[in-house]
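Here is the structure we will look at.
Read-outs: derived from the displayed coordinates by stated rules, not from any lab. Predicted, not measured: the structure shown is a model, and the values here were computed from it. Neighbour counts run over all protein chains shown; Cβ positions are idealised from the backbone, glycine included.
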Amino acid sequence: MMTRTTLKTTALLITLTLCGLTASARGDDAELKKLRDENAALKAKVQQLEAELAKLRQSNTRLAAEKQQIVAAQVQKQAQSDAYFVEQVTDEKGGKALASRSMEMKATYGTRDTHVLSMRSAPGASSVTLTVRAFETSGVYGSLDTVLFTADGKEINAKVTAYDIERRTVGSPKSRRRADNETLVATLSTAELATLAAAKEVEIKIGPSRFAMTDEQRTAFGVMTRMIAGN
């Protein structure tokens with residue numbers, strides 16, 4: 001039989017055990033609460049990061065759309081600019097051809113007559129045809145074999161392939177003078193055309209007359225080069 005002392009001891013041990021279990025349970029509850037709080041904080045941080053990521057994606061989408069619009073506008077502007085200098089036309093056989101605008105040449109020596117330069121070629125062609133029209137001259141270009149270009153000191157000869165003259169005279173019956181209209185046709189390779197377009201200084205020598213290439217002509221040479229290449 002258990003004595004009174006033994007019962008008291010047993011009761012004390014049970015009480016202490018229960019207290020320990022209660023304290024342990026309370027400790028576990030506190031740890032669990034801490035873990036739950038940390039988990040909630042992590043979820044909130046993840047939600048915040050996801051929201052920021054969504055904003056960044058929207059911003060990137062908007063920037064990409066804006067960039068595309070800017071590029072498209074630049075391409076359109078470039079195309080419009082190119083079309084001012086060179087336009088795509090149809091040749092005699094119904095094929096695609098490229099024709100530049102007529103550009104007045106800047107004389108530096110030997111003539112005061114008006115000279116106009118134009119070009120013609122085709123996409124993928126290996127050469128370009130130059131046409132020089134000179135107005136109210138004295139018929140000085142009929143014997144030429146070449147038109148000489150000097151690009152940054154390098155000479156490039158364009159072979160004359162055709163010549164035509166419209167003979168005219170002007171003035172009073174007692175003081176008539178020649179005022180012929182002459183047309184020269186010469187040929188350059190596309191590589192030579194590109195060289196001229198890239199040069200800083202270009203001189204054009206046609207017989208006794210000399211001309212400096214203008215910015216308009218240099219730009220037109222560059223546009224023609226790109227359009228021949230399909231760019």
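Translational diffusion of segment 147-231, estimated by Stokes-Einstein from the Kirkwood radius over alpha carbon pairs at 20 °C in a medium of 1.002 mPa s, is 145 µm² per second. Restricting the GluC sites (Glu not before Pro) of segment 152-217 to loop positions (DSSP other than H, G, I, E, B) with no more than 14 neighbouring Cβ atoms within 10 Å leaves GLU201. The order of THR183, THR195, going from fewest to most other C-beta atoms within 10 Å of their C-beta, is THR183, THR195.
Remark on THR111: its backbone amide H falls under 5 Å from those of ARG210, a criterion applied only to residues 5 or more positions apart or on other chains, H modelled at 1.01 Å from N.
Along segment 84-95 the Karplus relation, 6.51 cos²θ - 1.76 cosθ + 1.60 evaluated at θ = phi - 60°, assigns HN-Hα couplings of 5, 8, 9, 10, 7, 10, 10, 7, 4, 9, x, x Hz to successive residues, with x for each Gly and Pro.
Annotation: the residues ILE228, ILE165, ILE206, sorted from fewest to most other C-beta atoms within 10 Å of their own C-beta, follow the order ILE165, ILE228, ILE206.
Here ARG226 and ARG168 are evaluated by their C-beta separation; at R0 = 41 Å the FRET efficiency comes out at 0.60. If you plug the beta carbon distance of GLU87 and LYS55 into 1/(1 + (r/R0)^6) with R0 = 45 Å, you get a FRET efficiency near 0.45. Beyond 22 Å in Cα-Cα separation lie the following of the pairs LYS93/LYS159; LYS159/LYS205; LYS93/LYS205; LYS106/LYS154: LYS93/LYS159; LYS93/LYS205.
Taking 0.36 nm per intervening residue step and subtracting the Cα-Cα distance, what contour gain separates GLU201 from LYS154 on full extension? So the extension gain works out to 15.9 nm. Taking packing as the residue-averaged number of other Cβ atoms within 10 angstrom, the listed peptides 139-150, 170-181 run from highest to lowest as 139-150, 170-181. Potential lengthening of the chain between SER127 and GLU216 amounts to 30.0 nm, from the contour at 0.36 nm per residue minus the alpha-carbon distance.
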